[in-house]
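Take a look at the structure below.
The values are calculated or read from the model by the stated rules, or taken from the named source; none is laboratory data. Since this is a predicted model, take the numbers as computed values, not measurements. Cβ sites come from the backbone with ideal geometry, for glycine too, and all protein chains shown count toward neighbours. To get the accessible areas, we keep the full protein, side chains included, count just its heavy atoms, and leave off ligands, DNA and RNA. Shrake-Rupley method; radii C 1.70, N 1.55, O 1.52, S 1.80 Å.
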Amino acid sequence: LFPWVAFLGPALWHNLRGGWAARGHNSVAWFCVVWAGFIFLFFSASHSKLVPYILPVFTPLALLIGRYVALGWEVPREAPLRLGFRLYSILAVVVALALFFVWARLPADKLAPAQRVALAPYITVIVSLLCTGAFLVQWLAARRGVRTGLQALVATTVIFFFAVVCALPQVLDR
């Protein structure tokens, strides 16, 4: 769900305003929350949070986030997407720093020296892209509005995933 997970908290807060008493008004949001919560709690109770079991949790969460972001796109003044942009910026910088430190400190038995050298340009591009995107999304959203901020977020995400896909052969080649 990266980078959209940054919008999950604000999306839940926005979609579930009024609490259980307003469930008739927010029925789609409550359906998604119950859907995700039931799956998560069921597999947590059985102590079997395997990836195929937990994957169905992401669908209702994506629906909640998408509904929130769509509202921000349609009515930029009314949806407070700026908090999501701030959280994305923090998350992007944290991911960039974590990626750099993991790459720099990974022991030789996990990453061969030749792989470390081959990954260096990809890591540099990915870390730079995440940090630049974190700044750019904030700046464009503040200067040109929510829609431009969302466009910058999508562009940064597409380029990020493209760079990750390009780096994968270096990681998988052992």
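Largest mean-square fluctuation among H47, H25, H14, in a Gaussian network model of the chain whose springs join Cα atoms under 10 Å apart, belongs to H47.
When both segment 26-105 and segment 114-145 are represented by their alpha-carbon centers, they are found 21 Å apart. The candidate values were (i) 1, 7, 14, 17, 17, 14, 11, 10, 7, 3, 0, 0; (ii) 1, 7, 13, 13, 10, 9, 8, 6, 6, 5, 4, 4, 3, 3, 2, 2, 1, 1, 1, 0, 0, 0, 0, 0, 0, 0; (iii) 1, 8, 14, 15, 14, 15, 14, 10, 5, 2, 1, 0; the one computed from these coordinates for P(r) over Cα pairs in 5 Å bins from 0, in percent carries the label (iii). From Cα pairs below 8 angstrom and at least 6 apart in sequence, can you work out the relative contact order of the chain, rounded to a whole percent? For the chain, the relative contact order is 23 percent.
When you filter the trypsin sites (Lys or Arg not before Pro) in segment 51-91 for DSSP loop state and at most 10 other Cβ atoms inside 10 Å of their Cβ, you are left with R77. Over segment 123-174, accessible surface divided per residue gives 58 Å², non-protein components excluded, 1.4 Å probe. Just to be sure I understand the curve: with the Debye formula and one point per C-alpha of segment 65-116, what is log10 I(q)/I(0) at q = 0.18, 0.23 Å⁻¹? The calculated log intensity ratios at q = 0.18, 0.23 Å⁻¹ are -0.66, -0.84. Roughly how tilted is helix 146-172, in degrees to the nearest 10 and between 0 and 90, from the longest Cα axis of the chain? Approximately 40 degrees, to the nearest ten. Annotation: per residue accessible area for segment 54-114 equals 60 Å², rounded to a whole number [probe 1.4 Å, protein chains only].
Overall, the accessible surface of the chain at a probe of 1.4 angstrom is composed of carbon and sulfur to the extent of 73 percent.
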